[in-house]
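Only the coordinates and a few stated rules stand behind these numbers; no lab work does. Since this is a predicted model, take the numbers as computed values, not measurements. Neighbour counts are summed over all protein chains in view; Cβ atoms, including those assigned to glycine, are modelled from backbone coordinates with ideal geometry.
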Amino acid sequence: GAVVSQHPSWVICKSGTSVKIECRSLDFQATTMFWYRQFPKQSLMLMATSNEGSKATYEQGVEKDKFLINHASLTLSTLTVTSAHPEDSSFYICSARALRQGPYEQYFGPGTRLTVT
Amino acid sequence: GENVEQHPSTLSVQEGDSAVIKCTYSDSASNYFPWYKQELGKGPQLIIDIRSNVGEKKDQRIAVTLNKTAKHFSLHITETQPEDSAVYFCAASITDSWGKLQFGAGTQVVVTP
């Protein structure tokens, strides 16, 4: 149980285009989902917290107009990187908080490797 | 805000030996401490966690200890195997309505046969 999927697993796009990444909780409902980015050999950096049915809360320094987050249902959150630039190339990972497992645990998706050319 | 420090950054152990990773946190209100294992190109996997009302927790070859007074917690892996090679992250959280995690910098563990 507590499986989180992400799609796509990797994507290459041209500079200036937009890319959408999906995060799904497959076997549980997640009222809260989180989006992280991770650069090579570094730790996870929280970008935003997403609650179902409400606007996402962004961490300081993260441009909300560039990284659009939508949490449309209890099992789906999406991250759209708008007008992507090469510096947006990174590993993007989502996580979901599984209330049925207890109020604490966060389960992570497999990540999406974004390369902007 | 919360700050989590993790040591060492790299750890090389012989197969069968034990590995210990230590983390310290700054916010005394933190009450949930998970450990994640991340293999190359994959997302982090929750391997064990501990809450502030418990001092120690064990799951087969993995154990975590927590010292609330000193604000530090540790991961212990016994009888290490090559498949234990990965990056391990500690994290701390205050279990409010959102439960945001603050991660340590990570420890690259290499288990040599």
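Electrostatic tally near A:T112: other residues with Cβ closer than 11 Å to its Cβ, Lys and Arg +1, Asp and Glu -1, net +2. The distance separating the Cα centre of segment B:54-113 from that of segment A:1-49 comes to 23 Å.
By its C-alpha gyration tensor, with a ≥ b ≥ c as the square roots of the eigenvalues, how is chain A shaped: rounded for a/c under 1.5, else prolate for a/b larger than b/c, else oblate? Prolate, because a/c is 1.5 or more and a/b exceeds b/c. For the residues A:S15, A:S43, A:S77, a GNM of chain A with alpha-carbon springs under 10 Å puts the largest fluctuation on A:S43.
Suppose we keep just the DSSP beta bridges with both residues in the protein assembly as shown; what percent of those would be antiparallel, to 5? Here the antiparallel bridges make up roughly 90 percent for the protein assembly as shown. Local charge for B:T78 was computed over the other residues whose Cβ lies under 13 Å away, with Lys and Arg +1 and Asp and Glu -1, and equals -3.
When the GluC sites (Glu not before Pro) in segment A:1-105 are filtered for DSSP coil states and for at most 12 other beta-carbon atoms within 10 Å of their beta-carbon, the remaining sites are A:E63. The A:E59 and B:T69 beta-carbon pair, evaluated with R₀ = 41 Å, returns a calculated FRET efficiency of approximately 0.85.
Note: relative contact order over segment A:34-117, using C-alpha pairs below 8 Å and six or more positions apart, is 25 percent.
Among the listed pairs A:K55/B:K42; A:K41/B:K68; A:K20/B:K37; B:K42/B:K71; B:K57/B:K100; A:K20/A:K64, a Cα-Cα separation exceeding 25 Å is found for A:K55/B:K42; A:K41/B:K68; A:K20/B:K37; B:K42/B:K71.
Find out how many positive minus negative residues lie around B:Q108, taking Lys and Arg as positive, Asp and Glu as negative, among other residues whose Cβ is under 14 Å from that of B:Q108. Summing Lys and Arg as +1 and Asp and Glu as -1 gives 0.
In terms of surrounding Cβ atoms within a 10 Å radius of their Cβ, A:H85, A:H7, B:H76 rank from fewest to most as A:H85, A:H7, B:H76. Of all the options A:G61, A:G53, A:G16, the one that moves most in a Gaussian network model of chain A with Cα springs shorter than 10 angstrom is A:G61.
Put simply, the C-alpha atoms of chain B give a gyration tensor, and the ellipsoid matching it has half-axes of 24, 14, 12 Å, longest first. Shielding of peptide B:36-43 by partners, expressed as the average count of other chain Cβ atoms within 10 Å per residue Cβ, is 5. Its residue count N fixes a reference of 2.2 N^0.38 Å for the protein assembly as shown, and the Cα radius of gyration divided by that reference is 1.01.
Look at the Cα gyration tensor of segment B:61-101: its axes a ≥ b ≥ c give a/c of at least 1.5 with a/b at or below b/c, and that counts as oblate.
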